[in-house]
Amino acid sequence: MASPKDFETDLRALASLILEEGPQKIEPTSRRVRVVHQGTTIVDTTKALHVWEHPSFPHYYIPLSDLVNCRWTDTGEVLHTSEHGHTKGLCASLIIIVMPSHSGLTESSTDRAVRFYREKEADVPDTKTRRIASSLDGYVRIEFSSMDHWFEEDAPIYVHPKDPYKRIDILPSSRTIEIRLGDQTVARTSYSLHLYETGLPTRYYLPLSAVDHSVLRPSDLRTKCPYKGEAEYFDVVVNGHAREHIVWYYRYPFHECTAIAGMVCFNNDQVDTILDGKLLERPNVMYGERTRSISA
């Protein structure tokens, strides 16, 4: 599970990577995308791009011309493509976006944005590099966590845009599942929901009644998932030792995941999961550290 701050980006490094190697993939989307900050809508567009900067999920790139009710200025730091870069002719400039004061709110600004543009008269003979440069020309990337609200159509989205190629299946199972921490069983049930999310380890959601309540301690941690909603957490205390935030649940999940409402999930990276009498391998071994940091 991750919070928006976990996805803050080194914009200089990102822009350099995009210029030198190009994005993984670029696709237009017909979804209406809106961005609200300080009570003001500064983006309202149907011309956003899904840009995969890495394989895990896309980011929204917005036409610079669709920035409204604000002003922007270049910081003066311009990045260029090297002679052998994959996006020859494309440049990037870090910018500052300023939201004017209104309704008793003071002027605010963010420097968490970078715009891309083509050099005038740039000679880009290669078809692929010309296509990438043309696709990003005139677009701006705004750091997701720097804004107050993002909307796809009229639905709020959190942490990062949803990947249109990601799927979630939630399947009921009568296979016996046991959760152990050290030598102590902390949960056991013959009914669970198995959540399969593209590219991520299976997560097992159990009835709260299946958990030994004597080991649970409420946590004040809250995180948001683009696909499931806001998660709340429990710590688990066994033999006097606390494992923080290793159980989460969604009190009010998004409609596509309503089946898991009120069910609890142990982070199977950190506990032993025994399914149908078989000890499962922990996901951090199967998927690696990078993958499991993306979402729960």
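Of the listed requirements (1) within 16 Å of LEU280 (Cα to Cα); (2) free of Cβ contacts under 8 Å to residues at least 60 places away in the same chain; (3) touching a Leu at 6+ places or on another chain (Cβ under 8 Å), ARG175 misses just one: (2). Inside the stretch 193-233, residues that are of a type outside the set (Gly, Ala, Ser) and more than 22 Å from the chain's Cα centre (by Cα) make up a count of 11.
Residues that are acidic (Asp, Glu) and either over 25 Å from LEU94 (Cα atoms) or at pLDDT below 95 (or both) within the stretch 125-146 comprise ASP126, ASP137, listed in sequence order.
To keep it simple, each residue is scored yes or no on (1) of a type in the set (Val, Ile, Thr); (2) within 17 Å of TYR158 (Cβ to Cβ).
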site: HIS213; (1), (2): no, no
site: LEU216; (1), (2): no, no
site: GLY229; (1), (2): no, yes
site: GLU232; (1), (2): no, yes
site: VAL236; (1), (2): yes, no
site: VAL264; (1), (2): yes, no
site: LYS278; (1), (2): no, no
site: GLU281; (1), (2): no, no
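The set of residues in the stretch 143-194 being out of contact with any Ser or Thr (no Cβ under 8 Å at 6 or more places or on another chain) and β-branched (Val, Ile, Thr) consists of ILE157, ILE170, THR185, VAL186. Taken over the stretch 49-64, the criterion of being closer than 16 Å to ALA92 by Cβ and not in a loop (DSSP other than H, G, I, E, B) is satisfied by LEU49, VAL51, HIS59, TYR61, ILE62, PRO63, LEU64. Summed over the stretch 67-101, residues that are on the phi < 0 side of the Ramachandran plot and modelled with pLDDT of 90 or more total 17. Here HIS149, HIS213, HIS194 are screened, and the one residue that is surrounded by fewer than 17 Cβ atoms within 10 Å (Cβ to Cβ), in the same structural domain as ARG115 (by TED's automatic domain parsing) and at pLDDT 95 or above is HIS149.
Taking the criterion of being at pLDDT 95 or above and loosely packed, with under 12 Cβ neighbours inside 10 Å, the residues of the stretch 253-280 that qualify are ASP276, GLY277, LYS278, LEU279.
Pick out the one residue from TYR205, TYR196, TYR227 that is of a type in the set (Phe, Trp, Tyr), assigned to a loop (DSSP other than H, G, I, E, B) and touching a strand residue (DSSP E or B) at 6+ places or on another chain (Cβ under 9 Å). On inspection, the qualifying residue turns out to be TYR227. Let me confirm something: among ALA92, ALA48, which residue is in contact with a strand residue (DSSP E or B) (Cβ under 6 Å, 6 or more places away or on another chain), surrounded by 15 or more Cβ atoms within 10 Å (Cβ to Cβ) and without any contact (Cβ under 8 Å) to a residue 24 or more places away in the chain? One residue alone meets the criteria, ALA48.
The values are calculated or read from the model by the stated rules, or taken from the named source; none is laboratory data. It should be emphasised that the depicted structure is a prediction, and the values quoted were computed from it without experimental measurement. For neighbour counting, all protein chains shown are included, and Cβ atoms are generated from backbone atoms with ideal geometry for every residue, glycine included.
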